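> Please read through the structure below; I'll follow up with questions.
The values are calculated or read from the model by the stated rules, or taken from the named source; none is laboratory data. Treat the numbers as computed from the prediction; the structure is a model and nothing was measured. Using ideal geometry, Cβ is built from the backbone for each residue, glycine included, and neighbour counts are taken over all protein chains shown. Accessible surface areas use protein heavy atoms only, side chains included; no ligands, DNA or RNA. Shrake-Rupley method; radii C 1.70, N 1.55, O 1.52, S 1.80 Å.
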Amino acid sequence: PPRSTPKTHRRQRQMCIRDRDKQIECTFIWTNKEGHGLGVIMNYIARDGSIWLTATRQRARIKALRRDPRASVVISSMGTDMGPGKQITYKGRVNLHEDQGTKDWFYPAMAEIISPYPAPTVEAAVEYLDTPLRVIIELVPEKVIRFDGDSIAKASHEGTVPGAPANTTVTRETQ
């Protein structure tokens, strides 16, 4: 099996943090009662090891998450200075928050991200978010899956196996 060296692990962790901190949108995925995965693109905040998002209580995803808290978030490098082809997936379970303490830090932080749309200023965005039906979603990651298309493309071209010891190569069979 491929070996994970401290240097490789450190580089992957740095990529994980860089991807998460440079992007402001993710694909949030949950499961409906039939077991089908559904997803929407949402703004998010990365804080204290969790991914934080929001929706209103009447949304189907909130009802589904109350029934089954398993969910995933996929964050792409597209649109950042990292270029396309990199992504990170967080698989975990959600906690739903409706307490004032969470709203007090979350609304201003999210308002910084979403302003000027749907509100022209950060203050107006806080007002837009602060509604009686608002629920804050905290995804607590249980597993992280990283994908670096550049590394995989390079390895494919060179005939090497990503993550394997340096002397492992792929050979082509001839007919």
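> Can you tell me which condition A155 does not meet? The list is (1) open to solvent by less than 30 Å² (accessible area, probe 1.4 Å); (2) in a strand (DSSP E or B); (3) modelled with pLDDT under 85, and all the others hold.
With respect to (1) open to solvent by less than 30 Å² (accessible area, probe 1.4 Å); (2) in a strand (DSSP E or B); (3) modelled with pLDDT under 85, A155 is out only on (2).
> Looking at segment 82-100, can you tell me whether even one residue there is out of contact with any strand residue (DSSP E or B) (no Cβ under 7 Å at 6 or more places or on another chain) and modelled with pLDDT of 95 or more?
yes
> Give segment 39-59 a look and list any residue that's in contact (Cβ under 8 Å) with a residue 60 or more places away in the chain, out of contact with any helix residue (DSSP H, G or I) (no Cβ under 9 Å at 6 or more places or on another chain) and within 20 Å of D104 (Cα to Cα), or say none.
Of everything in segment 39-59, those that are in contact (Cβ under 8 Å) with a residue 60 or more places away in the chain, out of contact with any helix residue (DSSP H, G or I) (no Cβ under 9 Å at 6 or more places or on another chain) and within 20 Å of D104 (Cα to Cα) turn out to be G49, S50.
> For segment 103-151: of the residues being in a strand (DSSP E or B) and among the charged types (D, E, K, R), which is farthest from Y44 (Cα to Cα)?
For segment 103-151, the residue satisfying everything is D148.
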